[in-house]
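S.K.: Take this structure first; my questions come after.
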Amino acid sequence: MTNSNSISQLLTFLVENLIGADNFSLAEQDESDSINFTLSVHPSKIGFLIGKQGRTINAIRRLLQVKAAQEDKKIFLKVVPEGAEAAPPAQEEAQPQDSPTAADSKVEELTELLDLDK
């Protein structure tokens with residue numbers, strides 16, 4: 001029985017005992033070699049789940065990684081505030097190399113002020 005069910009049960013057990021069953025929801029995407037979990041947490045409990053300097057959530061990730069290693073899987077855990085969209089991050093538009101940016105303009109302006117071209 002090599003499915004993500006046991007890993008999901010472990011994650012649910014840990015989070016329920018930390019912040020309560022009513023304060024989160026879990027979404028899971030199982031791929032061939034990895035499992036992606038998205039944990040939607042009530043905003044008032046998210047700091048408690050993450051812990052000081054991320055120690056609590058990192059400990060949870062380590063426990064999940066140990067369990068996943070037994071099943072030859074990789075684990076990815078994303079924590080989002082409840083109600084937030086779990087959309088992929090927006091990609092920045094690439095600017096053409098020949099178009100000046102604000103930084104380029106400022107550099108040119110300062111160069112002229114300091115007479116560095118001479």
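The values are calculated or read from the model by the stated rules, or taken from the named source; none is laboratory data. No experiment lies behind these values; they were computed from the predicted model shown. Cβ sites come from the backbone with ideal geometry, for glycine too, and all protein chains shown count toward neighbours.
S.K.: Here is a list: Arg62, Arg55. Which entry is within 25 Å of Asn5 (Cβ to Cβ) and assigned to a helix (DSSP H, G or I)?
M.R.: On the way: Arg55 fails: within 25 Å of Asn5 (Cβ to Cβ).
Exactly one residue qualifies, and that residue is Arg62.
S.K.: Now for a separate question. Of all the residues that make up the range 39-84, how many are within 14 Å of Ser25 (Cβ to Cβ), without any contact (Cβ under 8 Å) to a residue 40 or more places away in the chain and hydrophobic (A, V, I, L, M, F, W, C)?
M.R.: Final tally of qualifying residues: 2.
S.K.: In the range 21-50, which residues are of a type in the set (A, V, I, L, M) and part of a strand (DSSP E or B)? Steps first, answer last, please.
M.R.: Step one: filter the range 21-50 for residues of a type in the set (A, V, I, L, M), giving 21, 26-27, 35, 39, 41, 46, 49-50.
Passing the criteria: Leu26, Ala27, Ile35, Leu39, Val41.
S.K.: Something else now. Does Pro89 satisfy the condition of being at pLDDT below 90, in a loop (DSSP other than H, G, I, E, B) and surrounded by 10 or more Cβ atoms within 10 Å (Cβ to Cβ)?
M.R.: Values: at pLDDT below 90: yes; in a loop (DSSP other than H, G, I, E, B): yes; surrounded by 10 or more Cβ atoms within 10 Å (Cβ to Cβ): no.
For Pro89, the condition - at pLDDT below 90, in a loop (DSSP other than H, G, I, E, B) and surrounded by 10 or more Cβ atoms within 10 Å (Cβ to Cβ) - is not met.
S.K.: On to the next question. If you take the residues of the range 26-69 that are under 14 Å from Pro81 (Cβ atoms) and in contact with a helix residue (DSSP H, G or I) (Cβ under 7 Å, 6 or more places away or on another chain), which of them is surrounded by the most Cβ atoms within 10 Å (Cβ to Cβ)?
M.R.: Restricting to residues being under 14 Å from Pro81 (Cβ atoms) and in contact with a helix residue (DSSP H, G or I) (Cβ under 7 Å, 6 or more places away or on another chain), the top hit is Val41.
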